[in-house]
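Here the structure comes first, spelled out in structure tokens, and everything after it is commentary.
The values are calculated or read from the model by the stated rules, or taken from the named source; none is laboratory data. Values in this document were obtained by computation on a predicted structure and should not be read as measured data. Note that each Cβ is placed from the backbone with ideal geometry, even for glycine, and that neighbours are counted across all protein chains shown.
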């Protein structure tokens with residue numbers, strides 16, 4: 001048995017039954033949280049000094065495309081239905097070799113861990129089975145907890161994205177699941193569906209049925225821009241061919257322009273929504289779905305989405321998403337000729353949307369998302385005693401408003417330290433760096449994109 005104890009930290013468990021401690025310990029055995037409290041005894045445990053630090057559950061990024069990491073910094077001025085569809089889905093993704101999938105996923109996962117995300121849903125476009133295998137290898141090599149999402153290949157946008165009647169590659173998916181994912185404690189499989197916006201109805205339903213046959217999550221981009229699932233489109237169809245198939249094993253990325261009635265129905269059926277506010281604000285997806293999901297009695301999960309565009313830091317997303325929703329809610333009050341006397345969404349709300357709500361969306365809330373005995377030890381320790389964070393009068397607000405990745409001292413995934421004293425512990429960070437940079441340069445050179 002391996003024991004680790006995190007000593008004397010300010011513990012924000014986000015579990016109402018555990019509570020919050022100004023100073024407490026977290027005892028971990030073989031990767032599992034076994035006790036949270038003060039003055040815990042653990043004579044043979046490795047000790048991590050959390051004095052002056054805030055201990056929170058690891059962030060959960062519920063929607064990101066990690067393989068785009070080596071082409072970061074190219075899409076900051078792109079729109080979704082303009083340059084992104086033309087250049088990324090119609091060009092760059094088709095140029096990826098298996099090793100590019102590995103290197104993008106590797107450094108995307110490193111960025112996740114460095115910035116305090118311990119779990120991510122990686123929405124992937126593997127051109128072949130080998131592409132998928134190398135993408136999964138990257139996740140394994142970093143120690144990130146991940147939901148690897150097998151989506152449509154990126155080699156032929158016309159075939160896979162425009163009224164497609166071609167189903168997801170079932171043989172490849174089953175092989176990857178059986179050989180690389182099923183028996184790995186840190187990995188689970190999901191299917192990346194195109195849904196009725198981009199498939200004929202029979203294909204949209206068949207892909208969802210395949211996910212259910214495998215017993216895995218389905219995650220679908222829907223409700224954005226002027227797609228058929230957007231109420232601003234010409235022929236609004238809502239959830240279309242899959243409306244009668246909605247359930248807790250369905251996750252919707254974006255969902256900006258569903259009607260409130262359709263959001264109400266989806267939340268009632270247990271569907272989760274992943275909002276990626278920074279990317280959606282820029283690229284023309286539309287107003288984030290946050291308000292509609294809250295109105296329906298649910299809560300969205302935050303995600304980063306396109307890391308060729310924005311940073312992978314989940315702290316930015318939880319701040320932007322919260323403040324944007326506050327702005328809309330405040331404006332509605334002012335337009336009613338009243339003063340704003342309270343805010344609508346709290347710092348704790350947004351921190352939970354970056355942790356336990358993400359875990360729920362990915363079907364992992366029994367394992368992660370709160371600091372709870374019996375769950376896995378995915379923890380982040382924030383420095384709270386420097387001139388930018390002290391004094392910490394309210395630890396939740398300190399984490400949400402005052403910290404950035406430079407304040408993340410220690411990160412544990414499944415009880416294993418992956419970041420210590422502000423630095424990642426994995427030697428591959430340095431060993432693979434030159435290959436990572438070369439991969440990005442080659443992809444952009446072959447794509448012929450004028451930046």
Practice prompt. From 308, 346, grab the single residue that is buried (at least 22 other Cβ atoms within 10 Å of the Cβ) and either at positive phi or over 13 Å from the mean Cα position of the chain (by Cα) (or both).
Written response: 308
Worksheet item: in a loop (DSSP other than H, G, I, E, B), outside the structural domain of residue 26 (by TED's automatic domain parsing) and either within 18 Å of the chain's Cα centre (by Cα) or modelled with pLDDT of 95 or more (or both) - does that describe any residue in the stretch 437-447?
Response: no
Response to the item:
All-but-one check, residue 183 against (1) in a loop (DSSP other than H, G, I, E, B); (2) without any contact (Cβ under 8 Å) to a residue 24 or more places away in the chain; (3) over 30 Å from residue 143 (Cα atoms), failing number (3)
Worksheet entry | helices (runs of 4 or more DSSP H) contained entirely in the stretch 230-317, each with at least 3 residues that are touching a residue at least 40 places away in the same chain (Cβ under 8 Å) | 277-283
Practice prompt. Could you tell me which of the residues 383, 450 is under 30 Å from residue 95 (Cβ atoms), surrounded by fewer than 22 Cβ atoms within 10 Å (Cβ to Cβ) and not assigned by TED's automatic domain parsing to the domain that holds residue 144?
Written response: 450
Practice prompt. Pairs only if they're at least six apart or on different chains, beta carbon under 9 angstrom, first in the stretch 153-165 and in the same structural domain as residue 227 (by TED's automatic domain parsing), second surrounded by fewer than 16 Cβ atoms within 10 Å (Cβ to Cβ) and part of a loop (DSSP other than H, G, I, E, B); list them, first residue then second.
Written response: 159/166; 160/166; 163/200; 164/200; 165/200
Discussion item. Condition (residue is assigned to a helix (DSSP H, G or I), touching a helix residue (DSSP H, G or I) at 6+ places or on another chain (Cβ under 9 Å) and crowded, with 16+ Cβ neighbours inside 10 Å) applied to the stretch 141-150: is it met by at least one residue?
Written reply: yes
Worksheet, complete the sentence: Residues in the stretch 407-432 that are within 15 Å of residue 103 (Cβ to Cβ) and either free of Cβ contacts under 8 Å to residues at least 24 places away in the same chain or in a loop (DSSP other than H, G, I, E, B) (or both) total 4
Worksheet item: How many residues are surrounded by fewer than 24 Cβ atoms within 10 Å (Cβ to Cβ) and within 20 Å of residue 175 (Cα to Cα) if we restrict to the stretch 93-122?
Response: 3
